[in-house]
1. For residue C:148 and residue B:380, what is the calculated FRET efficiency with R₀ set at 41 Å and r taken between the beta-carbons, to the nearest 0.05?
2. In nm, to one decimal, how far is the modelled label at residue C:212 from the one at residue B:211, with both set 7 Å along Cα→Cβ?
3. For the stretch A:250-364, just the Cα atoms, rotate onto the principal axes and tell me the three extents in Å, largest first.
4. Using DSSP to call loops (not H, G, I, E or B), can you name the trypsin sites (Lys or Arg not before Pro) in the stretch A:273-365 whose Cβ has at most 14 other Cβ atoms within 10 angstrom?
5. Give, rounded to the nearest 20 debye, the magnitude of the charge dipole that chain B has about its Cα centre when Lys and Arg contribute +1 at Cβ and Asp and Glu contribute -1 at Cβ.
6. Just from the alpha-carbon atoms, what are the Rg and Dmax of the protein assembly as shown in angstroms?
7. Quickly work out the residue A:101-to-residue B:61 label distance, labels modelled 7 Å from Cα along the C-beta direction, and quote it in nm with one decimal.
8. For chain A, what's the relative contact order in percent, using C-alpha pairs closer than 8 Å and at least 6 residues apart?
Amino acid sequence: MIKLEQVTKKYGATVAVNGLSLEVNEGEVCVLIGPSGCGKTTTLRMINRLIEPTSGRILVNGKDTSQVKPEQLRRSIGYAIQSVGLFPHLTVATNIATVPELLHWDKTRIARRVEELLTLVGLSPAEYAGKYPSQLSGGEAQRIGVARALAADPPILLMDEPFGAVDPLTRERLQAQFVAIQQELKKTVILVTHDLDEAIRLADLIAIMAAGKLVQYDTPETTLSRPASKFVHDFVGSDRALKRLSRISVESFIKSAPTVTINASIKQAEAAIGSRRSAWVVDDKGQLLGWIDRTDLSQVSSISEGMVTLESKDIALWQNATLREALSRMLGQGFKSIPVVDEDTKLIGEVTLGDVEAATAEAEE
Amino acid sequence: MMVRQWVTGNSVAVTGSCLGLLSLPFGWLTLKASRLTAGTSLRLWDAFSWGVAAAIIVLWLLCLALSLAERDKRHAITIGITANAILILTFIFAGPAANRLTATGAEFARVSLSAGVWVTVAAVYMLVFAARQSLPDYRVWQNLISWTGLAAVVILLFTGWLNNISVVQEFLGRESRFQQELVKHIFLFGGSVIAGTIIGIPLGIWAARNRRAERPIFYFANITQTIPSLALFGLLIAPLSALSFAFPVLREFGIRGVGAAPALIALIIYSLLPIVRNTFVGLRQLDPAVIDAGLGMGMSRPQVFRRLEVPLAAPLVLEGVRTASVQAVGLTAVAALIGAGGLGWFVFQGLGQAAPDLIILGAIPIIVLALFVDAVMRTIVRVSTPKGLATGTS
Amino acid sequence: MPDRQTRRWIILALASAAFIALIASTGVWEASLRFLFPQESQVLHPRASLLTLVVEHLGLVGISSSLTILIGVPLGIWVTCPGGRNFLPIVTDLTSFGQTFPPVAVLALAVPMLGFGLVPTVVALFLYGLLPVVRNTIAGLRAVPPHLLDAAYGMGMGRFQALFRVEIPLAARVILAGIRISVIINIGTAMIGAAIGAGGLGSPIIAGLVQDNLAYIIEGAVPAAILAVLADQLLANVEGSFAYMPEEATR
């Protein structure tokens, strides 16, 4: 789908990118990573010809990009950047509609597409379409940026630290959402980041660059287990096993958890806990409220009296979270198991420390 | 303790009221035997009548009391209304007073407004401002308080009520000349600002795009802006008259040493700096990510210019045009000295003849024109600011 | 090698010396003006020598600008202090409203009120010059980041100490920019003061316009232009030596 052949970019005497060859297949996510100044952003910007290579060829769909008009090329490639670059004088809807408009889509089709995309990135079209960029939070702006890049349904997406400018919590959410969207849309994505965890989490293939050269191009698993050089070894660090947990979603480790509703009788609660030590307490809609210990049950008259309340957004995991986050929460809270909830904070199940340990051991091999 | 409370009452309104009371001992009207002689000044009670004077004093005292005690919206509204009433009363009674005095005086007697009236106007402004500040959520009241008095005075002027006030007499004697010079003034400043915009915007764009052009362009614009207007006019006279001597044909196109040609050239040069600077800043302040995103999504360079740079820089560019316009209104007045005409003609004629009313007849319309141009340009800037941009910084 | 700032001062000093030498040498002026305008019977304004005119002009601007600074800066400080805060809105309104007034109109209006001569000119220059000074003093003080004031108070400074050790030094550059604007406007407006009998470099220009004598006009215009540019550079240099705050967007 995208092929770089011996691409070099020189600025005067400095070589930003040096004889880089790289191939990304359709539907794959390739993450370019490396220390700052390694040429990763330059590489990305050469693909949509915002920067012209000094030598070498770049092929998209087998066609040499230098033979295509830059505007034409760029309209067929989605582009999202760290600083987002939303147009401040246009509404969210008009921002998203930019490329479809450049391509002269008709109005109803554009309107439909804008609505689709806002829903896709999890923002209500009714609420957000008419807003201006200055009225958005950092995370919202980043999501609009991604929606805008996807607007004309380009097969290829170029992303330059698309989740860079937000706080860590929002970044995790956005990454999880990206994984979900990518599973559905199967775009060919080239993403630049300096965050190794992000790379490991999102990439099908990681391209590690140093001083304008490609030093290793492999799956995250291989990169972590068999670093090609001392540089890569140092770059990925000694906590490789832990990093690998970022690749694994908690989804396949969710077990059904003992649960009682807040209005249940003490009898019912005892039955639910069985031989376990505690149970999660939910309200009648299934939303997580807290947990209750078996030993406390005998001393109280109702569940609500003995329940320990939890702030579900601090404790519970989202179902798209990774095992790494699960482990981090468990260690942080001193829990042996962590509840997992869906978007409406409804309890789905739990992940236990034992399972995480087993997965770690497996990844180690 | 008490003093603290007074100060927190409404100190601006208190100051305004005191200023209003202070206007009383000044002369309110001046009676002169002719337009050029010095006159005798008349106190409030001599100029109007004891009754009117008492009414005005009572109204000022009411304002003072209310501003000391100001607590709520009703107080503020009353202060605003009272201030307007004082202004309207002053002018309503000034008309007949002038009629009476000119009728009883010498043949060429003139009656002009003097310090007391001007101090009153300043005090009314302070009170109106203070009242407006206390009514932030009542737009209707704000506008009513701000404009009623002014509108009343304008109506009095146009209905002929004030025709015996000396400035108005001066105007009535020169009505057609006034219109002629006003039109000339508007053409001079308007034409130079339009020309300055046409030249300045491309220069600003060039400076923003080309680092090598930036320095010389700004060096030139800054230096010319520093040179006194009269000196620049003077410096242009010599070469232009030399040109018209060398090529007499040019004179047929109105290019002479003095007159409209050097005025227009100097005015255009002056209007360049604000326009060039604001165009430059308007383009340079753009978030590079916005341009990058535009190009990255497949906009061509002209599309980036039209769809992103123009709308985003427009408010600042127009702000520069506003500054240039207001400045040009004033500089055009100076241009009258080199024979370009315009409202400045009255000012300099008045200075030459030592006729105060003629000076005022030129100076006040120049100020009004500047304020009007400023208001119009502010509206244009506001309308042209895209909704998504936070309100402008001016 | 002296640094940039020193170099600028040296250049300015040399230029000023050259300027003084130039205006003092009447012979050079007479000869060159005679060469340029052979048709004029008289090429130098008879009322006063060029040097006198420059001194007059500088005196006019010096008096009015000193008054402006002495009153404008404290006024600006006062309205940003808690004691004068009530007057901040009206002063801000007046300064922006007043700056719309053309300086020549303000100067002209001084005549009906105060008559002809030096006094009305000085008063008008002083009043008009106040506007940019007050405005920039307010803007400069308000631009001082609140966390720096917090730090000052946190270290135990009193109100006045904070004002003189933190606020004014940090606002100095913006205030000086206002003074620079004010002085340059005053130099320009003082030229027109000649029309109401205040003397200065405007008088040969106005005499030249009245008597249709090009040489007089040039005699006034050239030194006035140079004087304004030199004064601007001088104030720019002073301003530049207070450059510890990033430049604010002030007009």
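The numbers here are math on the coordinates, done by the rules we state, and not lab data. Worth saying up front: this structure is predicted, and the values here are computed from it rather than measured. Cβ coordinates were reconstructed from backbone atoms using ideal geometry, including for glycine residues, and neighbour counts include every protein chain displayed.
1. So the FRET efficiency works out to roughly 0.60.
2. Taking the simple label geometry, residue C:212 and residue B:211 are separated by 5.5 nm.
3. 47, 28, 22 Å, listed from the longest principal axis down.
4. Qualifying residues, ordered by number: A:276, A:277, A:285, A:336.
5. About 680 debye.
6. Looking at the protein assembly as shown, its Cα Rg and Dmax stand at 37.9, 123 Å.
7. Label-label distance for residue B:61 and residue A:101, simple model: 6.6 nm.
8. Contact order relative to length: 16 percent.
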